[in-house]
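The values are calculated or read from the model by the stated rules, or taken from the named source; none is laboratory data. None of these values were measured; they are calculated from a predicted model. Here the Cβ positions follow ideal geometry from the backbone for every residue, glycine too, while neighbour counts run over all protein chains shown.
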Amino acid sequence: MFQRLKLHVGLWLSQPKPGSADVPFVLGSALGLLLILILPHCVEPYMLSTVRDALVMGLLALSYDLLWGKAGVLTLGHTTFLGLGAYGFAVATVQFGLAPVGAILIGLLCTGMVAAAVGYFLLYAGVRLHFFAIVSMAVLIIAQQLATSWQSVTGGDTGILGIPGLTATFAGHSLDLSSPIGSWYAVAAVVLAIACLTSLACRSHYGKVLAAIATNEWRARACGYHTSFHLLLLFVVSALLAALAGCLMAACSGVVAPDVFSPLLATEVILWVAVGGRGTIGGPVIAAVAFTLLKQRVSSYSTELWPLLLGALFLGCVLFLPDGLRARKAAINLRRFWRAMTARRALSGRAVREEGDNG
Amino acid sequence: MDEPLMKATHLRRTFGGIDAVADVDMSIKRRDLLCIIGPNGAGKSTLVGVLSGAIAPSSGSLCFAGESMAGKEVHQFCRRGVVRKFQGTNTFLSLSVRDNLIVAGLGVASHRASPLPDPDVVLQEIGLHGQANELAARLPHGQRQWLEIGMAMMCQPAVLLLDEPAAGLSATDAQRLVRLIHRLREDCAVLAIEHDLGFVRALECETWVMHRGQIVRRGTYEDIAQDEEIRRIYLGRGAGYAAH
């Protein structure tokens, strides 16, 4: 039994030899670690908690990158799982008085079951691509309705207030992580650890299998893979990471309201991943943090400006950065666009001249 | 030992009232090598599709190693050792050549709890060791054919179904492929469907002729080539193909 398990782990998670392609990963993790340690000494506590909340959104972006970037499953309702995690944590702590660690487990368990059920019926039935995206949006709207109307549990429109911060008790020693600095270290460490783990998992043979399923699912099936199962597994893992982000969000902010199930936020997640670079793990996290901070700055001037700016950014991203923020590719695309524009102008100029000649 | 590895009885597949495969009986034994030829639309590709689990038969039964394969999906066929080489361009284009091979081998290896076949050995055999780190999308068509064959080899097949393996290969490559197929036959049964009669002749194997969904002749290539009726079916109106 043990031998068999070892063989399977060896097959699926075996890593290629380190090479030049791993430089961004190593540099990125080192830089991340440095930032985690330095930032509390550089900025004031209020700013630190703002960045912390943005980093929680980074975890959400990471979970979505795993699903869309690595396996090519597009959903429009990823915040369903963020909300379920947040509500699970809030209900478990406020209504049932559980300790935060237990509440996180409850939140993850509920989300995992919902994701497994939804994913099983959709993915095993062969629902893919935009059909999957539309159904996932319907699930999000159902969840939103449930959160507003099931008042006895979710508190209706007001949501749940007074959620306790993170504390952990291990063998009599209790660790309070609810202060700005404490929660910063907790959140940042969780995000960095998960980013490193997912990067390593995607670097292994299993990551290649996922990439293969994303590019040519039918061919992968002919290689002996039960592709629906692998997609379901990834869907559940991604939902669990989103739920963890939800738990952290609830614990950090102390409130949960039905607007966590917002379709707007679900679209923003797609934008973060698209701009940060699909399948790069680190890119979407950085994009999510940057966009969330930018959103707060812009919203303080005018609340209507943000959706406008978001739309413009999305359009620009589709036009110039179809692969996300990768400097070299972006430059190539810009140049190509510029050439197309100038060529068209030259062509139309020539056409006018020829018309003139004929006339 | 002589028990057939794969056995099909009264196999039929209809598309909109037309029998693409009509009442085919066949059996493949261990280490058999056979070729199916026939004009366009004879149902060769559909037959390979049904044998590989990609297309469900409309009626009839298909057994592999004594087990009925009815209702089984294509990944279950592959795990049992019925492996199909697709026509040309069906690889994982976004992965490197080596990763294509690793991915192809991993599914079956993990299901059987056996170690992964060494991709470097297969790379040598298919002659792509120089392009191991190249993206599959960058390979020319002929080399993608070799990659497809390599991917099928990584699946540790018991029955290898080759769908037009020589299409797009140069004459020297076709000769190399003939040698490789004879080598593969030491480990598994090989069934090839092919248009290129020169390639079939070079294989020197049992040859079947398919026409309108049925297998109309079974014999050696020489017997088939002598048969007047086959010449009429296969070569059509003129003998323009004969020189081919």
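I'd like to verify a number: residues in segment B:65-114 that are among the basic types (Lys, Arg) and either closer than 12 Å to B:Leu147 by Cα or in a loop (DSSP other than H, G, I, E, B) (or both), how many?
3
Okay, residues lined up against (1) farther than 30 Å from B:Pro119 by Cβ; (2) exposed (fewer than 13 other Cβ atoms within 10 Å of the Cβ); (3) out of contact with any Ser or Thr (no Cβ under 8 Å at 6 or more places or on another chain):
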{"site": "A:Leu13", "(1), (2), (3)": "no, no, no"}
{"site": "A:Lys17", "(1), (2), (3)": "no, yes, yes"}
{"site": "A:Ser20", "(1), (2), (3)": "no, yes, yes"}
{"site": "A:Tyr46", "(1), (2), (3)": "yes, yes, yes"}
{"site": "A:Val56", "(1), (2), (3)": "yes, no, yes"}
{"site": "A:Ile106", "(1), (2), (3)": "yes, no, yes"}
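Could you check how many residues of segment B:175-214 are in a strand (DSSP E or B) and out of contact with any Leu (no Cβ under 8 Å at 6 or more places or on another chain)?
Summing the residues that are in a strand (DSSP E or B) and out of contact with any Leu (no Cβ under 8 Å at 6 or more places or on another chain) in segment B:175-214 gives 3.
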Checklist entry - Applying the selection to segment A:74-121, what residues are modelled with pLDDT under 90, more than 20 Å from A:Thr169 (Cβ to Cβ) and part of a helix (DSSP H, G or I)? => result A:Gln95
Checklist entry - Given A:Leu240, A:Leu271, A:Leu265, which one is in a helix (DSSP H, G or I), in contact with a Ser or Thr (Cβ under 8 Å, 6 or more places away or on another chain) and modelled with pLDDT under 90? => result A:Leu265
Checklist entry - When you go through (1) within 14 Å of another protein chain (Cβ to nearest Cβ); (2) modelled with pLDDT of 85 or more; (3) outside any helix (DSSP H, G or I); (4) out of contact with any Pro (no Cβ under 7 Å at 6 or more places or on another chain) one by one for B:Gln156, which number turns out not to apply? => result (4)
Checklist entry - What is the residue count in segment A:125-141 for residues that are surrounded by 11 or more Cβ atoms within 10 Å (Cβ to Cβ), outside any helix (DSSP H, G or I) and either aliphatic (A, V, I, L, M) or at pLDDT 90 or above (or both)? => result 1
Next on the checklist: Take A:Tyr206 and tell me if it is within 14 Å of chain B (Cβ to nearest Cβ), out of contact with any Phe, Trp or Tyr (no Cβ under 6 Å at 6 or more places or on another chain) and either in contact (Cβ under 8 Å) with a residue 24 or more places away in the chain or not in a helix (DSSP H, G or I) (or both).
Outcome noted: no
Item to check | Check on B:Leu101, in contact with a Gly (Cβ under 8 Å, 6 or more places away or on another chain), modelled with pLDDT of 85 or more and surrounded by 24 or more Cβ atoms within 10 Å (Cβ to Cβ) | outcome: yes
Next on the checklist: Residues that are within 14 Å of chain B (Cβ to nearest Cβ) and either more than 26 Å from B:Ser96 (Cα to Cα) or in contact with a Gly (Cβ under 8 Å, 6 or more places away or on another chain) (or both): does segment A:169-177 have at least one?
Outcome noted: no
Checklist outcome for this item: (1) surrounded by 21 or more Cβ atoms within 10 Å (Cβ to Cβ); (2) farther than 17 Å from B:Gln87 by Cα; (3) out of contact with any Leu (no Cβ under 6 Å at 6 or more places or on another chain) all hold for B:Gly53 apart from (2)
Checklist entry - Can you name the residue in segment B:52-64 that is assigned to a loop (DSSP other than H, G, I, E, B) and within 17 Å of B:Leu161 (Cβ to Cβ) and, of all such residues, is farthest from the other protein chains (Cβ to nearest Cβ)? => result B:Pro57
